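Worksheet: one structure, shown below.
The values are calculated or read from the model by the stated rules, or taken from the named source; none is laboratory data. Bear in mind the structure is a predicted one, so any value in this text is a computation, not a measurement. Virtual Cβ from ideal backbone geometry, glycine too; neighbours counted across all protein chains shown.
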Amino acid sequence: MAEETKQHKNEKLGEVVSTKMAKTIVVAVSRRVPHPLYKRIVTKRKKFYAHDEEGVEAEAAVDDEDSAVDGGVVGDVRASRCQSEAALV
C-alpha cells in the first residue's frame, strides 16, 4: 500500500502589480484579518516576486489575477513561479 502522496505547493492568488522587470512579475496578495486589539476587519497586503519564464508581454498584464506558486529559490529575491489563471482552469 505504498501510495504516492502528491505534495501541495503553497499557492498564493493575487493581483499583478508590476511587469517592468525582465522575466519577473510582482504579485500583491491581499487578505482580510481582524485587528488584534480593535477587532475591526482590515486588509493586509504583501507583495511577492514571481518568475515569469515567457516574459511579461506573453501573459501577465497589470491588474490581472495571477497566482504565485512556491518553487524554490529562482534568484536573489524570487522564490515563486508565475502561474496564469488560464493554466489553472
**Request:** Go through (1) on the phi < 0 side of the Ramachandran plot; (2) modelled with pLDDT under 80 and name the single condition residue 55 misses.
**Result:** (1)
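Conditions (1) surrounded by 13 or more Cβ atoms within 10 Å (Cβ to Cβ); (2) in a strand (DSSP E or B), marked per residue:
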site	(1), (2)
12	yes, yes
17	yes, yes
25	yes, yes
30	no, yes
33	no, yes
38	no, no
44	no, yes
48	yes, yes
**Prompt:** List pairs: first in segment 32-51 and at pLDDT below 95, second acidic (Asp, Glu), Cβ under 8 Å, 6+ apart or cross-chain?
**Reply:** 50/66
